[in-house]
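Asks: What follows is a single structure, and I will ask about it in a moment.
The values are calculated or read from the model by the stated rules, or taken from the named source; none is laboratory data. Keep in mind the model is a prediction, meaning the values are calculated, not measured. We place every Cβ from the backbone using ideal geometry, glycine too, and count neighbours over all the protein chains shown.
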């Protein structure tokens with residue numbers, strides 16, 4: 001049996017330092033209790049702030065920009081279920097119509 005140890009660190013950055021302090025992707029994701037892949041997807045989609053330093057194995061974001069992003073993210077309505085359901089129903093109807101056309105072409109040929 002392998003023993004594992006979880007270390008949780010909590011730190012705060014004074015407001016006067018937030019404009020110059022930098023954080024890596026792991027920290028940016030942890031601030032919002034999200035995964036690192038989610039954070040990178042948000043950055044790639046343009047919803048999260050772009051990094052101020054982008055070098056191999058050294059990508060950093062300004063903490064003030066990350067704070068602003070999560071403030072806006074928390075203010076957005078998170079109930080997007082109706083829109084997702086409508087899009088799924090539309091895709092399902094399109095797939096059913098396509099199958100009907102394929103079946104008709106196969107039986108008619």
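Asks: For the stretch 34-56: of the residues being within 11 Å of the chain's Cα centre (by Cα) and outside any helix (DSSP H, G or I), which is surrounded by the fewest Cβ atoms within 10 Å (Cβ to Cβ)?
Replies: Here the residue is 46.
Asks: Continuing with this model, one more query. If residue 59 satisfies every condition in (1) in a loop (DSSP other than H, G, I, E, B); (2) surrounded by 15 or more Cβ atoms within 10 Å (Cβ to Cβ) but one, which is the exception?
Replies: (1)
Asks: Search the stretch 89-108 for residues that are modelled with pLDDT of 90 or more and pair each with any residue that is assigned to a helix (DSSP H, G or I) and loosely packed, with under 10 Cβ neighbours inside 10 Å when their beta-carbon atoms are under 6 Å apart and the residues are at least 6 apart or on different chains.
Replies: none
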